[in-house]
Amino acid sequence: MLTRLLATMMIMQAAQARAVEVTPLFNFQVLGGQYFFRSEKGDLSGNASGIVAPALKFDEHLALLPSVSSTYQGTKQVVDLVGSGSIFQEQMDHRVGTRLVITPGGDAGRWRLKPSISYKYELLKETKDESWGRGLFDYYKMSGGFEAEFVYRDPFSLRFGFDYFETHFPNYSSLEAQAATALGNDMARELVGGKVLDTRNFSVFASMDGPISEYVILEGMAASVYQDYYNQRLVDEAGAYKLALREDILSTAGLGVRLPARIAREVRMLGNVDLSLSYNTSNQNSFDAQRVKFMKFYYNYGEIKAGPSVRLYFGPEKRPVALGVGGQWWYRRYPYRPRQNDEGTYKPEVVRTHSYMASTSLSYPMSDHFSLVFDFQYGASVSNQTYEQYYSYNYTVKNYLFGFKYEY
């Protein structure tokens, strides 16, 4: 009897295994090239990325989308992690996650319910001789969330949901304390301490897309993120710590226009125009210990981004030559942050920054899954903040990269 029961269970499991429909997805890209940062010319370097994301469909009601990805960037870049631009020589990140897709009404149903979890570890090197895993701003992020999608007119839908995630900077406490001591506490008072950049975050979002005509599609989104800096205490006018903790709220709204068109039998175009508005509200102040300067609401800022892009596809649908051109402009203003001149003296004007980015890319297929890739980018940042001993506000950056991409 037991043998028969075990045999029946094995047959049922085999039948279920056969019923699982697996759609593999692999994407690997390796690029080599050179960057130019301000007047500095970098050595030959490269970027690499890869993602493995098979889709497992159990039946018309349930699917699982796991993914594993890694990226490496050997080109110099500027990253905003503490409210100003920090320069990093190299960057690497690794991410693993999974998403469950539940379709209550089956293939004909309009609702898609998507719970998800993920883990990401990002490593940032400020100098070439710095060891991986020892970076001041290395961090890991754990997140979980839920999204609901209503397909009101396939493929257009309404999406809304929430996320909870935590970020932790494991090296920041000891290394930053050493730096602050070496500089005589020149760094901002609120950033000195243990784990002061760690956050607990709650996010809510909604988005929607829909056709205006055959050749015009609108997309809209809105999101708000609450950031709880549970180890960062507020500073007062004397540079002393209060009992209250820092809290930020970042709100964003965006609108996009998609312009798909077929120019000729084997020439297709996808145009995009995007606009977004953001505002970050923070209760944290700043205290410059070197100049004995107190600045209220130091991390508040408003930002606007806008830019067009065009992508042309030549040839057959499955193996086209793809040419892309795009540009972006963004403007950020800190309403409570006074600018500093070259010597660090504070002025009555507030900090304003204009940034620009232009890019072009070419993908040329060599086989069904293998393509040659070329990318070029030029960017510039212009600010009335000219004191840059610790952070970058004014710079130009260029890079060209070429290599190959494999997709399956």
Report summary line: Going through region 260-295 in order, the residues found to be closer than 30 Å to Y313 by Cβ and part of a loop (DSSP other than H, G, I, E, B) are R265, E266
**Report entry** Number of the condition not met by Q389 [criteria: (1) at pLDDT 90 or above; (2) not in a strand (DSSP E or B); (3) not charged (D, E, K, R)]
**Finding:** (1)
Query raised in the report: Tell me, which residue of region 223-271 that is closer than 28 Å to Y164 by Cβ, basic (K, R) and at pLDDT below 95 is nearest to the chain's Cα centre (by Cα)?
Result: R233
Report task. Report, ordered by the first and then the second residue, all pairs with beta carbons closer than 6 Å, sequence separation of six or more or different chains, a first member in region 394-408 that is more than 12 Å from G32 (Cα to Cα), and a second member that is modelled with pLDDT under 90 and assigned to a strand (DSSP E or B). Result -> V397/F37; K398/F36
Query - Unique match (being touching a residue at least 12 places away in the same chain (Cβ under 8 Å), among the hydrophobic types (A, V, I, L, M, F, W, C) and either in a loop (DSSP other than H, G, I, E, B) or surrounded by 18 or more Cβ atoms within 10 Å (Cβ to Cβ) (or both)) among F146, F150, F137 - result: F137
Query raised in the report: Looking at region 386-408, which of its residues are over 23 Å from the mean Cα position of the chain (by Cα) and closer than 30 Å to V351 by Cα?
Result: T386, Y387, E388, Q389, Y390
Query raised in the report: What are the residues in region 56-74 that are touching an Asp or Glu at 6+ places or on another chain (Cβ under 8 Å) and among the small types (G, A, S), if any?
Result: S70, G74
Requested in this report: Note down all Cβ pairs under 9 Å where the first residue falls in region 58-79 and is more than 14 Å from P24 (Cα to Cα) and in contact (Cβ under 8 Å) with a residue 60 or more places away in the chain, the second is β-branched (V, I, T) and part of a strand (DSSP E or B), and they're at least six residues apart or on different chains.
Outcome: T75/V397; K76/I87; K76/V397; Q77/I87; Q77/V397; V78/I87; V78/V397
Query raised in the report: Restricted to region 27-48, and to residues that are modelled with pLDDT of 90 or more and either farther than 12 Å from L401 by Cβ or of a type in the set (F, W, Y) (or both), which residue is surrounded by the most Cβ atoms within 10 Å (Cβ to Cβ)?
Result: F28
Query raised in the report: Counting only residues that are surrounded by 15 or more Cβ atoms within 10 Å (Cβ to Cβ) and in contact with a Gly (Cβ under 6 Å, 6 or more places away or on another chain), which one in region 88-122 is modelled with the lowest pLDDT?
Result: E90
Query - Enumeration of residues in region 364-384 that are farther than 16 Å from Y313 by Cβ, in a strand (DSSP E or B) and polar (S, T, N, Q) - result: Q377, S381, S383
Query raised in the report: In region 340-360, which residue that is part of a strand (DSSP E or B) and over 20 Å from T396 (Cβ atoms) is nearest to the chain's Cα centre (by Cα)?
Result: V350
Query raised in the report: Are any of the residues in region 40-55 within 16 Å of P115 (Cβ to Cβ), free of Cβ contacts under 8 Å to residues at least 60 places away in the same chain, in contact with a strand residue (DSSP E or B) (Cβ under 8 Å, 6 or more places away or on another chain) and not in a strand (DSSP E or B)?
Result: no
Query raised in the report: (1) exposed (fewer than 14 other Cβ atoms within 10 Å of the Cβ); (2) part of a loop (DSSP other than H, G, I, E, B): which one isn't true of Y298, the others all being true?
Result: (1)
Query raised in the report: Does any residue of region 108-129 turn out to be out of contact with any Cys (no Cβ under 9 Å at 6 or more places or on another chain), free of Cβ contacts under 8 Å to residues at least 12 places away in the same chain, acidic (D, E) and not in a strand (DSSP E or B)?
Result: yes
Query raised in the report: Does V351 meet the test of being in contact with a Lys or Arg (Cβ under 7 Å, 6 or more places away or on another chain), touching a residue at least 40 places away in the same chain (Cβ under 8 Å) and within 20 Å of T75 (Cβ to Cβ)?
Result: no
Query raised in the report: Does A261 fit the bill of being of a type in the set (A, V, I, L, M) and out of contact with any Asp or Glu (no Cβ under 8 Å at 6 or more places or on another chain)?
Result: yes
Query raised in the report: Are any residues in region 101-140 hydrophobic (A, V, I, L, M, F, W, C) and in contact with a Leu (Cβ under 6 Å, 6 or more places away or on another chain), and if so, which ones?
Result: I102, W132, L136, F137
Report task. Look through region 360-374, keep the residues that are at pLDDT 95 or above and among the aliphatic types (A, V, I, L, M), and return whichever of them is surrounded by the fewest Cβ atoms within 10 Å (Cβ to Cβ). Result -> L372
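One line per residue, one yes/no per condition, for (1) under 30 Å from M269 (Cα atoms); (2) modelled with pLDDT under 95; (3) not in a strand (DSSP E or B):
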| residue | (1), (2), (3) |
| --- | --- |
| F165 | no, no, no |
| S174 | no, yes, yes |
| D186 | no, yes, yes |
| K195 | no, yes, yes |
| A206 | yes, no, no |
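The values are calculated or read from the model by the stated rules, or taken from the named source; none is laboratory data. This structure is a prediction, so every number in the text was calculated from the model and none was measured. As a convention, Cβ positions derive from the backbone with ideal geometry for all residues, glycine included, and neighbour counts pool all protein chains shown.
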